[in-house]
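Report on the following structure.
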Amino acid sequence: MNDLNHGATVPAEVSSVAGLTRYLNGFESRLVEQGYVPASVRHKIDLATAFVAWIQRLDVSLDMLSDECADRFLRNYCRTGARRGDAWTVLQFLGYLRTLGCIPLAVTTVESTAVDRLVLEFGDFLRRERGLSSATLSNYLPIVRAFLDSQFHGKSVCFDKLRPADVHRFVVRQAQTISLSRAKTAITALRSFLRFLQQRGLLRTDLSAAVPGVAGWRLTHLPKALSIEQVEQLLASCNRRTIAGRRDYAILMLLARLGLRGGEVSALTLDDIDWEHGEIAIRGKGQRLARLPLPADVGAAIADYLRRDRPVCSTRRVFIRIRAPRRGFVSPSVICCVVRRALKRASLDPAFKGAHLLRHSLATDLLRRGASLTEIGQVLRHSQPDTTQIYAKVEITALRAIALPWPGVWS
């Protein structure tokens, strides 16, 4: 399938490739808005100019201008000394032209097999009716696709012959090649998919009960946490005399004081902060919206970053990349990177180094200060009380007082 929408119309004033040169000034302004330094802007404009001249020499029509043309240009350009990032620059220029309607939009190739359609339908169900995030879908859908491929091998999809033994066999094979946590995710995804099939009338019986569990009992480990002194050491590691230090300090304060998840911090927008009432709106798991009080020290850290460092840009995200292009974080994993860098600066080496470390640390500190599990669950916004039970094991001193003696041991 061709990746161009040949039915798209091109503005009359850009009826030829030569007419694209008039948009180089606008592309330059866009780069400046995105925070690129003057030297980078000059190089990108020079490269875009060379690209326009190249396609003009080859007499490429506008309706055939695509990413493949960019690849061909770059292969030729490499002979004269391409730089790192040049491929991205050419794609940026093409994207800019597409937003203006100067060249046709690229059409995403959509697979049309029965398996592809079923996976897309299931993903749409999870997104619309279950409210699951894109990150969760990216974990679930490959498992479902692997299950369908293993059962039907690219042939027509028919669930009439699907048996519990088929489900069990797939889970056993998967569990032998992936981690425990990934295996549990696969089981959850497969059970959800089988229930979906029954609800859609594609399965006569509910085969979700045939999905075996994976040995990995809940509450068998202690939550990994930092002490309150280590948390303060972590916060103090941020150099608040720099832009990156002030931004990272505000991020760490949200994690440490409010126990937010990494994705919740990454998705935070300017509209979520109610400065007048001292509240912050958080969109948690399942698209649940919660309003939390904004502590004074957290608010001060965010306000300091917003006033002094956050660049003027089109996105409403609170936290913006330091380097161009100026936009919000592309993934919640960036928040985990902020935590890992801070741990390294503070010379701390816990077993777990993700953003959830500070969430566990807050819960542990609250418990040791006398908070009940119910109160901790409310602070962390757990939807199920059982989720908070793991913190009952943190207070080792209190547990020793109620522990029974080991059989055969006499005091």
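The values are calculated or read from the model by the stated rules, or taken from the named source; none is laboratory data. As the structure is a prediction and not an experimental result, all values here were calculated from the model. Every residue, glycine as well, gets a Cβ built from its backbone with ideal geometry; the counts of neighbours run over all protein chains shown.
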Subject >> Residues being surrounded by 15 or more Cβ atoms within 10 Å (Cβ to Cβ) and in contact with a Ser or Thr (Cβ under 7 Å, 6 or more places away or on another chain) - total across region 304-318 >> reply: 2
**OP:** Just give me the residues in region 124-160 being closer than 30 Å to Ser266 by Cβ, part of a helix (DSSP H, G or I) and of a type in the set (Asp, Glu), in sequence order.
**Re:** Asp124
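Here is a list: Arg42, Arg57. Which entry is of a type in the set (Lys, Arg), over 23 Å from Ile320 (Cβ atoms) and modelled with pLDDT of 90 or more?
On the way: Arg57 fails: modelled with pLDDT of 90 or more.
Just a single option satisfies the conditions, and that option is Arg42.
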Original post:
Of all residues in region 264-303 being of a type in the set (Gly, Ala, Ser) and either outside the structural domain of Arg359 (by TED's automatic domain parsing) or more than 12 Å from Leu254 (Cα to Cα) (or both), which is surrounded by the most Cβ atoms within 10 Å (Cβ to Cβ)?
Top reply: Ala267
**OP:** Would you mind finding the one in Tyr140, Tyr249 that is closer than 24 Å to Gly354 by Cβ and either more than 30 Å from the chain's Cα centre (by Cα) or not assigned by TED's automatic domain parsing to the domain that holds Arg340 (or both)?
**Re:** Tyr140
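Say whether the condition of being touching a residue at least 60 places away in the same chain (Cβ under 8 Å) and either outside the structural domain of Ala300 (by TED's automatic domain parsing) or within 30 Å of Tyr391 (Cβ to Cβ) (or both) is met by at least one residue in region 174-195. Give the steps one after another, and end with the answer.
Residues of region 174-195 touching a residue at least 60 places away in the same chain (Cβ under 8 Å): 192-193.
Next, only the ones that are either outside the structural domain of Ala300 (by TED's automatic domain parsing) or within 30 Å of Tyr391 (Cβ to Cβ) (or both) stay: 192-193.
So far as region 174-195 goes, yes, one or more of its residues are touching a residue at least 60 places away in the same chain (Cβ under 8 Å) and either outside the structural domain of Ala300 (by TED's automatic domain parsing) or within 30 Å of Tyr391 (Cβ to Cβ) (or both).
Within region 3-24, is even one residue of a type in the set (A, V, I, L, M) and modelled with pLDDT of 90 or more?
So in region 3-24, the residues of a type in the set (A, V, I, L, M) come out as 4, 8, 10, 12, 14, 17-18, 20, 24.
Still in the list and also modelled with pLDDT of 90 or more: 24.
Taking every residue of region 3-24 in turn, at least one turns out to be of a type in the set (A, V, I, L, M) and modelled with pLDDT of 90 or more.
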Subject >> Filtered residues of region 33-48 (kept if of a type outside the set (D, E, K, R) and closer than 10 Å to Val90 by Cα) >> reply: Ile45, Leu47, Ala48
Original post:
Only one of Ile273, Ile243, Ile280 is farther than 29 Å from Asn139 by Cβ, within 22 Å of the chain's Cα centre (by Cα) and of a type outside the set (Ser, Thr, Tyr); which?
Top reply: Ile273
Subject >> Filtered residues of region 324-380 (kept if touching a residue at least 40 places away in the same chain (Cβ under 8 Å) and out of contact with any helix residue (DSSP H, G or I) (no Cβ under 9 Å at 6 or more places or on another chain)) >> reply: Arg327, Ala351
Original post:
Restricting to region 16-45, what's the tally of residues that are in a helix (DSSP H, G or I), under 32 Å from the mean Cα position of the chain (by Cα) and of a type in the set (A, V, I, L, M)?
Top reply: 5
**OP:** Answer yes or no as to whether Ala351 is touching a Lys or Arg at 6+ places or on another chain (Cβ under 9 Å), of a type in the set (A, V, I, L, M, F, W, C) and either surrounded by 15 or more Cβ atoms within 10 Å (Cβ to Cβ) or not in a helix (DSSP H, G or I) (or both).
**Re:** yes
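Residue under question is Ser179, and the condition is that it be surrounded by fewer than 16 Cβ atoms within 10 Å (Cβ to Cβ), out of contact with any helix residue (DSSP H, G or I) (no Cβ under 7 Å at 6 or more places or on another chain) and under 30 Å from Tyr305 (Cβ atoms); does it hold?
Working: surrounded by fewer than 16 Cβ atoms within 10 Å (Cβ to Cβ): yes; out of contact with any helix residue (DSSP H, G or I) (no Cβ under 7 Å at 6 or more places or on another chain): yes; under 30 Å from Tyr305 (Cβ atoms): no.
Spelling it out, it is not the case that Ser179 is surrounded by fewer than 16 Cβ atoms within 10 Å (Cβ to Cβ), out of contact with any helix residue (DSSP H, G or I) (no Cβ under 7 Å at 6 or more places or on another chain) and under 30 Å from Tyr305 (Cβ atoms).
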Original post:
Pro223 fails exactly one of the following numbered conditions: (1) at pLDDT 90 or above; (2) crowded, with 17+ Cβ neighbours inside 10 Å. What is the number of that condition?
Top reply: (1)
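Yes or no, residue by residue, for (1) at pLDDT below 85; (2) surrounded by 15 or more Cβ atoms within 10 Å (Cβ to Cβ); (3) out of contact with any strand residue (DSSP E or B) (no Cβ under 7 Å at 6 or more places or on another chain); (4) farther than 30 Å from Leu289 by Cβ:
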{"position": "Ser134", "(1), (2), (3), (4)": "yes, no, yes, no"}
{"position": "Leu137", "(1), (2), (3), (4)": "no, yes, yes, no"}
{"position": "Leu141", "(1), (2), (3), (4)": "no, yes, yes, no"}
{"position": "Val144", "(1), (2), (3), (4)": "no, yes, yes, no"}
{"position": "Ala165", "(1), (2), (3), (4)": "no, no, yes, yes"}
{"position": "Arg173", "(1), (2), (3), (4)": "no, no, yes, yes"}
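Could you tell me which of the residues Arg341, Arg327, Arg321 is under 29 Å from Ser29 (Cα atoms), surrounded by fewer than 17 Cβ atoms within 10 Å (Cβ to Cβ), of a type in the set (D, E, K, R) and not assigned by TED's automatic domain parsing to the domain that holds Gln92?
Numbers: Arg341 fails: under 29 Å from Ser29 (Cα atoms); Arg321 fails: surrounded by fewer than 17 Cβ atoms within 10 Å (Cβ to Cβ).
Just one listed residue meets the conditions, Arg327.
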**OP:** Can you run down the residue pairs with Cβ atoms below 7 Å, 6 or more apart or on separate chains, where the first is in region 18-40 and outside the structural domain of Ser314 (by TED's automatic domain parsing) and touching a residue at least 24 places away in the same chain (Cβ under 8 Å) and the partner is of a type in the set (Val, Ile, Thr) and surrounded by fewer than 16 Cβ atoms within 10 Å (Cβ to Cβ)?
**Re:** Leu24/Thr49
Subject >> Residues of region 312-339 satisfying the condition of being at pLDDT 90 or above and of a type in the set (S, T, N, Q) >> reply: Thr315
Subject >> Candidates Arg341, Arg359, Arg310, Arg326, filtered to the one that is closer than 30 Å to Ala39 by Cα and assigned to a helix (DSSP H, G or I) >> reply: Arg341
